[in-house]
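Okay, so here's the structure we're looking at.
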Amino acid sequence: MGSTVNRAWRSCCTMWASCGLSWPAQCCRKIKDTVQKLASDHKDIHSSVSRVGKAIDRNFDSEICGVVSDAVWDSREKQQQTLQMAILEHLYQQGMLSVAEELCQESTLNVDLDFKQPFLELNRILEALHEQDLGPALEWAVSHRQRLLELNSSLEFKLHRLQFIRLLAGGPEKQLEALSYARHFQPFAHVHQREIQVMMGSLVYLQLGLEKSPYCHLLDNSHWAEICETFTRDACSLLGLSVESPLSVSFASGCVALPVLMNIKAVMEQRQCSGVWSHKDELPIEIELGMKCWYHSVFACPILRQQTSDSNPPIKLICGHVISRDALNKLINGGKLKCPYCPMEQNPADGKRIIF
């Protein structure tokens, strides 16, 4: 068999040579060029892939749990229970009721009906609004009218306005019904006079078609998204719930704070600092999370640059300046306190705790 292959090979070479071509040389040259091109392409791809890997290593820490010491956290059982409750509340708030019930059963969490009821009511009304059914929302707003007025909420008016617009969309056949429904605007006339005038003016163009009139913006579908947002915000405020679940807020805040805490951890390890972060109610440094995460007033001591707490409250001096209690104790000299901002000397006992 080997002699047959050799004879075939010599026959091919003779044929190519008779044509003035060197077949083996051309094949070798072509193979060499192809291999060089593949090697060059592989080099470029490998360089890009290695850069991606280095970027991942630079931005991710495999030991995120070690950012803080275990002494800062509660017991593992307490952590697990808190996390489960946060996940459960998030599921209820997102309307994933069946998943939340399954979690209750598997985690053996004892959740009473009083905890579930606000979320069940909220999701029932939101589902109706997504189907453009205003009935449940209007019924809820009317039953909570006084409390909504105390919150300066315009939810009930916006619901009546949207119902009026739905009647306008029905054409001239719904004109009398729309006029009759306009009586619902009477309690809101002193606050929403301009909007009521606009809706009444749209009736003039009802015979010609509202879509081609100056009031065509009333038929925009964005009103439904707006009413869902308004209802969610006002209902959560009235029911004592947060618009965003604590789990989503904690996750978003953690994405901002974690890189800073990792840098602090590296500095603490490099300088061999211990005991810098030992309190559960404060961070070792101040981290700016943006206006979205501002929920209440916070006072930071201008002397120690620390956020005040129940154990270290703000103290108002006689001269009117405010510092933290820890700063006051550090500034006492010979039983007297000299204000760090003015030359007034005073008795430390005259300082009064203030609450923002």
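The values are calculated or read from the model by the stated rules, or taken from the named source; none is laboratory data. Being a predicted model, the structure only gives us computed values, none of them experimental. Glycine gets a Cβ as well: all are built from the backbone with ideal geometry, and neighbour counts include every protein chain shown. Protein only, heavy atoms only, side chains kept; ligands, DNA and RNA dropped before computing areas. Shrake-Rupley method; radii C 1.70, N 1.55, O 1.52, S 1.80 Å.
Numbers below:
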| quantity | calculated |
| --- | --- |
| HIS321 accessible area, assembled protein chains, probe 1.4 Å, Å² | 70 Å² |
| Ranking by accessible area, most exposed first, for ILE165, ILE264, ILE355 with a 1.4 Å probe | ILE355, ILE264, ILE165 |
| The range 68-194: equivalent-ellipsoid semi-axes (sqrt of 5 x gyration tensor eigenvalues, Cα, Å) | 43, 17, 11 |
| Protection proxy ranking, peptides 176-182, 78-84, average beta carbon neighbours within 10 Å, highest first | 176-182, 78-84 |
| Amide proton proximity set for LYS316, modelled H, under 5 Å, gap of 5+ | LYS352, ARG353, ILE354 |
| Anchor LYS78: lysines whose Cα lies under 23 Å away (excluding residues fewer than 8 positions away in-chain) | LYS116, LYS280 |
| Largest-first ordering by accessible area, 1.4 Å probe, given options TRP140, TRP224 | TRP224, TRP140 |
| Hits among aspartates and glutamates - C-alpha to C-alpha of LYS316 under 17 Å, sequence gap 8 or more where chains match | ASP326, GLU345, ASP350 |
| VAL267, VAL322, reordered so the largest accessible area comes first (probe 1.4 Å) | VAL267, VAL322 |
| Packing-based ranking, highest mean first, of 151-158, 225-232 given that Cβ atoms within 10 Å are counted | 151-158, 225-232 |
| For the range 245-251, Karplus couplings with θ = phi - 60° (6.51, -1.76, 1.60), whole Hz, Gly/Pro x | 5, x, 5, 5, 5, 5, 5 |
| Rh (Kirkwood; distinct C-alpha pairs) - the range 229-269, Å | 12.3 Å |
| Nonlocal amide H pairs with ILE287, under 5 Å, H built at 1.01 Å | none |
